[in-house]
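Worksheet: one structure, shown below.
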Amino acid sequence: MKRLLSVLGSVSALACVVAAPAHAAGPPDAVKIANGAVAVARGSTMLHTNTFGRYGCEDFVDAAYGRTTANGIPHDGAMAFYHRLAARGEGHSRLPAPLGALVFSKGEDGDHVDISMGNGQYMSGGVQGFGPGWGDGTNNQILPSANLGNWHLVGWAYAPWSATGF
């Protein structure tokens, strides 16, 4: 938690220093990571709760990024969302995923999306949907791997929207 607070303390400074040129195709990676740090901070306030239910991974990610399923990732839409990002050249198939990246996996029970904490761990909603009683028994937890149980990594991408208002 101290590391996260340290990262968050520098987010506002980073946001002031790093700016994309007007002609750039999108924000530089540093801005995307700062954006992700804000989402991780927001997501951490929802950990160890059942806010979004057993199958609420998209809802958890959307809330962490200040979105809803209407303007974020739709219900049961994680894999389609990733494939759209990958088709634009924004998908990555190998870990590690940077802080705040959206990490997509697939398993026997369906598709899943997490938020990378940048240290090999992942913030996840809907955990009990893939393994009732897993971990601390809540739906929103930190997972130790993107390949947990029968879930296997498909890829990761930076969130295509801002959590910070950059």
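The values are calculated or read from the model by the stated rules, or taken from the named source; none is laboratory data. The shown structure was predicted, so the numbers you read here are calculated from the model rather than taken from an experiment. With ideal geometry, Cβ positions are generated from the backbone for all residues, glycine too; neighbour counts draw on all protein chains shown. Surface accessibility is based on the protein's heavy atoms, side chains included, excluding ligands, DNA and RNA. Shrake-Rupley method; radii C 1.70, N 1.55, O 1.52, S 1.80 Å.
Here are a few things to note about the model shown:
- Here 71, 35 are screened, and the one residue that is of a type in the set (S, T, N, Q), in a helix (DSSP H, G or I), under 21 Å from residue 163 (Cα atoms) and in contact with a helix residue (DSSP H, G or I) (Cβ under 9 Å, 6 or more places away or on another chain) is 35.
- If only residues of region 142-166 that are free of Cβ contacts under 8 Å to residues at least 60 places away in the same chain and more than 20 Å from residue 76 (Cβ to Cβ) are counted, the one that is least open to solvent (accessible area, probe 1.4 Å) is 145.
- Residue under evaluation residue 113, criteria (1) modelled with pLDDT under 95; (2) under 16 Å from residue 140 (Cβ atoms); (3) of a type in the set (Val, Ile, Thr), criterion not met: (1)
- Every residue from region 53-98 that is over 15 Å from the mean Cα position of the chain (by Cα) and of a type in the set (A, V, I, L, M, F, W, C): 70, 80, 86, 87
- Any hit, region 88-99, residues being assigned to a strand (DSSP E or B) and either modelled with pLDDT under 95 or open to solvent by 10 Å² or more (accessible area, probe 1.4 Å) (or both): yes
- Taken over region 38-58, the residue count meeting the criterion of being in a helix (DSSP H, G or I) and either of a type outside the set (Asp, Glu) or surrounded by fewer than 24 Cβ atoms within 10 Å (Cβ to Cβ) (or both) is 8.
- Cβ pairs under 6 Å, 6+ apart, first in region 104-116 and among the basic types (Lys, Arg), second at pLDDT 95 or above: 106/154
- The residues of region 127-141 that are open to solvent by less than 60 Å² (accessible area, probe 1.4 Å) and modelled with pLDDT of 90 or more, listed by number, are 137, 138, 139, 140, 141.
- For residue 80: the one exception among (1) free of Cβ contacts under 8 Å to residues at least 12 places away in the same chain; (2) assigned to a loop (DSSP other than H, G, I, E, B); (3) of a type in the set (A, V, I, L, M, F, W, C): (2)
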